[in-house]
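Novice: First the structure, which I've put down as structure tokens, then a few questions once you've had a look.
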Amino acid sequence: MKTETFSTKAQVTDNPGASKATIDITISDPGRTSLKLTYTYNQETAVYYHQYIMTPDLLEEANKAELIKYLMSENSNIWAANANGGVENFKWTGLNPGTEYTFAYMAEDWDGVLTDVKIVKATTEAIIAGPNPTMQLNAYMSDLGNFTVQYSIVKDVAKLYYSITEDNYSASGDYTYQECMDVWKEHCLDYGLSGVNSTTQSYDKTSEAKRLVALCVPIGADADGNEVIGDLYTVFYDKEKGIITDPSVLFPDAPKLKKGIKGIAKPQVVKKDNRVPAKLIVNEQVKVNTPGVMRSESVIYLDLKKLGKHPHSK
């Protein structure tokens, strides 16, 4: 069997002005747990990349190369475009109420040239305040290795206070669990950031810290409109133990983990029509009698002898 070797053009990630592709995303119809995204692109667009960004540090200008790398990773959505261009709609569900979502996206043309990264933001519908303000905390490490916490409103929250600070109390052994909780709750209410929507916070000096604690106090309202201060929510990061959601790991006198604290959160990755972009094709040994083009759910097999010369071969 005769074989030939060829190479394709490499992707161009540093010259967005040369890309022939264009893409725009608009967001509409916000619900409590959903957003409708509309994707508009031209016929020069071969593939487009998009994902909502859970770690604010990834959006900083100095980390743009890392953002591009993230959008092209398995944690992102990589969708093949329609050959003639077009407008497509997709409803994102399973989102958190009262949360601002930041989507980053870019496109690639048929020559492998990437456009610049664009950003679009939208906020899901908020929940009305009530007498039992309840939060959900999801803690995880960002792609840059920073302790990151997502503060998500569950119900009855009009406002929330939140903070990530170094934990100088639990490691000493000099304070009870309740003493620490009382000090941290007061600290969060006095010095923490505040907002009316669910939000995400990263601690950009995680590598320098021995132990961190994320604090959150939600504020609700009773039937007469009077302020109701909710419970203190905490989740810890320890340099040796990693993320700690159960305070009894650090405090012998602490109660077991209560509901509302999680140690893992991952972004949605949605596959589109089972189509596989060319750059994701897996190299596999093919038998001589394999048809010219045969496709399975995850692999495209090509008999190059029957397909002729690739237009980008050197």
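The values are calculated or read from the model by the stated rules, or taken from the named source; none is laboratory data. Predicted model, so just to flag it, every value in this text is computed and none were measured. Note that each Cβ is placed from the backbone with ideal geometry, even for glycine, and that neighbours are counted across all protein chains shown. Note: accessible area is taken over every heavy atom of the protein model, side chains too, but ligands, DNA and RNA are not part of it. Shrake-Rupley method; radii C 1.70, N 1.55, O 1.52, S 1.80 Å.
Novice: Within segment 52-75, can you find the residues that are in contact (Cβ under 8 Å) with a residue 60 or more places away in the chain and out of contact with any Leu (no Cβ under 9 Å at 6 or more places or on another chain)?
Specialist: Answer for segment 52-75, where residues must be in contact (Cβ under 8 Å) with a residue 60 or more places away in the chain and out of contact with any Leu (no Cβ under 9 Å at 6 or more places or on another chain): Met54, Pro56, Glu74, Asn75.
Novice: Is it the case, given these coordinates, that Ser207 is of a type outside the set (Phe, Trp, Tyr) and open to solvent by less than 40 Å² (accessible area, probe 1.4 Å)?
Specialist: Numbers: of a type outside the set (Phe, Trp, Tyr): yes; open to solvent by less than 40 Å² (accessible area, probe 1.4 Å): no.
The answer is no for Ser207.
Novice: OK, next. For segment 146-156, give me the residue count where each residue is buried (at least 19 other Cβ atoms within 10 Å of the Cβ), among the hydrophobic types (A, V, I, L, M, F, W, C) and modelled with pLDDT under 95. Steps first, answer last, please.
Specialist: Of segment 146-156, the ones buried (at least 19 other Cβ atoms within 10 Å of the Cβ) are 146-153, 156.
Now narrow it down to the ones that are among the hydrophobic types (A, V, I, L, M, F, W, C): 147, 149, 153.
After this cut, where a residue has to be modelled with pLDDT under 95 as well, the list is 153.
Total meeting the criteria: 1.
Novice: In the set Asp174, Asp143, Asp182, which member is open to solvent by 60 Å² or more (accessible area, probe 1.4 Å), farther than 30 Å from Glu61 by Cβ and in a loop (DSSP other than H, G, I, E, B)? Let's see the steps before the verdict.
Specialist: On the way: Asp143 fails: farther than 30 Å from Glu61 by Cβ; Asp182 fails: in a loop (DSSP other than H, G, I, E, B).
Of Asp174, Asp143, Asp182, the one residue that is open to solvent by 60 Å² or more (accessible area, probe 1.4 Å), farther than 30 Å from Glu61 by Cβ and in a loop (DSSP other than H, G, I, E, B) is Asp174.
Novice: Let me ask you something else. Checking Tyr49 against (1) more than 30 Å from Leu137 (Cβ to Cβ); (2) in contact with a Leu (Cβ under 6 Å, 6 or more places away or on another chain): exactly one of these is not met. Which one?
Specialist: (1)
Novice: Still on this model: Go through segment 189-225 and report how many residues are farther than 15 Å from Leu137 by Cα and touching a His at 6+ places or on another chain (Cβ under 9 Å).
Specialist: Here the count works out to 0.
Novice: Residues to consider are Lys91, Lys2; find the one that is of a type in the set (Lys, Arg), touching a strand residue (DSSP E or B) at 6+ places or on another chain (Cβ under 6 Å) and either surrounded by 16 or more Cβ atoms within 10 Å (Cβ to Cβ) or more than 23 Å from Met141 (Cα to Cα) (or both). Explain how you work it out, then say what you get.
Specialist: Values: Lys2 fails: touching a strand residue (DSSP E or B) at 6+ places or on another chain (Cβ under 6 Å).
Of the residues listed, the single one that is of a type in the set (Lys, Arg), touching a strand residue (DSSP E or B) at 6+ places or on another chain (Cβ under 6 Å) and either surrounded by 16 or more Cβ atoms within 10 Å (Cβ to Cβ) or more than 23 Å from Met141 (Cα to Cα) (or both) is Lys91.
Novice: Taking strands (runs of 3 or more DSSP E) that do not extend beyond segment 24-129, which have at least 3 residues that are within 21 Å of Ala10 (Cα to Cα)? Full working, then the answer.
Specialist: Working: elements: 35-41, 45-52, 77-80, 86-92, 100-109, 118-123.
Strands (runs of 3 or more DSSP E) meeting the threshold: 45-52, 77-80, 100-109.
Novice: Any idea how many residues of segment 5-23 are open to solvent by 40 Å² or more (accessible area, probe 1.4 Å) and in a loop (DSSP other than H, G, I, E, B)?
Specialist: Going residue by residue through segment 5-23, those that are open to solvent by 40 Å² or more (accessible area, probe 1.4 Å) are 5-18, 20, 22.
Then drop every residue that is not in a loop (DSSP other than H, G, I, E, B), which leaves 5-11, 13-15, 20, 22.
The number of residues fulfilling the criteria is 12.
Novice: Let me ask you something else. State whether one or more residues within segment 119-132 are at pLDDT 95 or above, farther than 30 Å from Lys155 by Cα and either open to solvent by 30 Å² or more (accessible area, probe 1.4 Å) or of a type in the set (A, V, I, L, M) (or both).
Specialist: There is no residue in segment 119-132 that is at pLDDT 95 or above, farther than 30 Å from Lys155 by Cα and either open to solvent by 30 Å² or more (accessible area, probe 1.4 Å) or of a type in the set (A, V, I, L, M) (or both).
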